1. List, in order, the whole-Hz ³J(HN,Hα) value for each residue of region 67-80 obtained from phi through the Karplus relation with A = 6.51, B = -1.76, C = 1.60 and θ = phi - 60°; use x for Gly and Pro.
2. Divide by every residue of the chain the summed helix terms, -39500 (n - 2.57) for each DSSP H run of at least 4, and state the resulting mean residue ellipticity at 222 nm, rounded to the nearest 500 deg cm²/dmol.
3. I need the shape label for region 1-67. Rule: rounded when a/c is under 1.5, else prolate if a/b > b/c, else oblate, with a, b, c from the alpha carbon gyration tensor.
4. Please list, ordered by chain and number, the residues whose modelled amide H lies under 5 Å from the amide H of G214; skip anything fewer than 5 residues away on the same chain.
5. Just to confirm the filter: which trypsin sites (Lys or Arg not before Pro) across region 1-53 are DSSP coil and have at most 12 other Cβ within 10 angstrom of their Cβ?
6. With Rg and the Kirkwood Rh both taken from Cα atoms, where does Rg over Rh land for region 131-252?
7. Where in the chain is the longest stretch that carries no GluC sites (Glu not before Pro) classed as loop by DSSP and with at most 15 other Cβ atoms within 10 Å?
8. Could you tell me which of L334, P345, H385 has its Cα farthest along the dipole of region 331-390 towards the positive end, charges placed at Cβ (Lys, Arg +1; Asp, Glu -1), taken about the Cα centre?
Amino acid sequence: MDSFDATAADRFTFGLWTVGNPGRDPFGEPVRARLSPVEIVAKLAECGAHGVNLHDDDLVPPGSSAAQRDAIVAGFKRALADHGLVVPMATTNLFSHPIFKDGAFTANDPAVRAFALQKTMRAMELGVELGARIFVFWGGREGCEADACRDPRTAIARMRDALDWLCEWTHDQGFELRFALEAKPNEPRGDLYLPTTGHMLHFISTLAHPERVGVNPEVAHETMAGLSFVHAVAQAMEAGKLFHIDLNAQRIGRFDQDLRFGSEDLRQAFLLVRLLEGTAGGPKYHGPLHFDAHAYRTEDDGGVWEFARGCMRTYKILAARARAFDADREVKELIAEQPSRELDPLLGRYNKQNAARLRALDLDAAATARRGLRYERLDQLMIEHLLGAR
């Protein structure tokens, strides 16, 4: 074991659906046997994970009787206790069953919307029983192909009604659950409503209980839209709304790949870890670090656990690189090299005195424009730290 191997203190988590993925895809059957939730808990503990997350259907197969459900949950709780793992987050599957073919909370059929609320309430009860404090909502079917089927404003209003309803119900139950909304631009629907983290953040501001609701950004989902995931996470952190995060890797312009964290675009992965760890001096993220990724279909069971260890090791290696980068004297000097910091007090907050002083300043725009910012050097230093050359 070395310093990059994971321990429970690192707060790393995986979903039952991630390491439990049997390697099936739209073009091929499974290549690995399915592992039971109890087996997954034991193997994740061996890898140094902190916790395991789940959809309701991942643990309790649909159609299970009450007695079967209770027996499954009891066995899972014993496994968690035996291996020292926790369940920080739970969610519900509102996308697999055929009833959700036109959405769950946004469906035109009120019976579908009622079924979605009913299923979500039961999933929340399960999550709370297992100790979860965060409940994620990913609207995988909340979208359309035939856009004329509904006014998008109606879909947004239905989504708002559902979340307001669930917030009130959660409060009445005395559950200390926070909700985290997960955006995605498309897939499996042609277009999904509220497709990016920015859309979700604004939507949250329109809810009856915005204090209970935050976001769960995912690397792959924001990258699919061609956007900077680091910027999306930063906006969520600045708003105090980063309740949970899904880490993986993705190539722009592809289907949702859910690749091993850091296996694509190391620059963005480095900047993301730097942001989350607060090595540049900003506030650190203290929540779960969840890997929503899958092992390659080429892998056997052993390869799955190599994949899981790889996700965690890459995060820790990048965290070490980020600490070294931000401790580098030359990096510090380059970032601090701002000759007009004395102007900051005038720009921070408006008042009449600051406005008068600002108007009276004799600013040499031409001289300021001629000054090089040395970002090429700063970026090269980042690359050298990332490559281990410094």
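1. So the J values, rounded to whole Hz, are 5, 5, 4, 5, 5, 5, 5, 4, x, 5, 5, 5, 5, 4.
2. -14500 deg cm²/dmol
3. oblate
4. F179, A180, L181
5. R34
6. Answer for region 131-252: 0.97.
7. Counting at most 15 other Cβ atoms within 10 Å as exposed, the longest clean stretch of the chain is 177-336.
8. P345
Values quoted throughout were computed directly from the atomic coordinates according to the rules given, and no laboratory measurement underlies them. None of these values were measured; they are calculated from a predicted model. Positions of Cβ are backbone-derived with ideal geometry, glycine not excepted, and every protein chain shown enters the neighbour counts.
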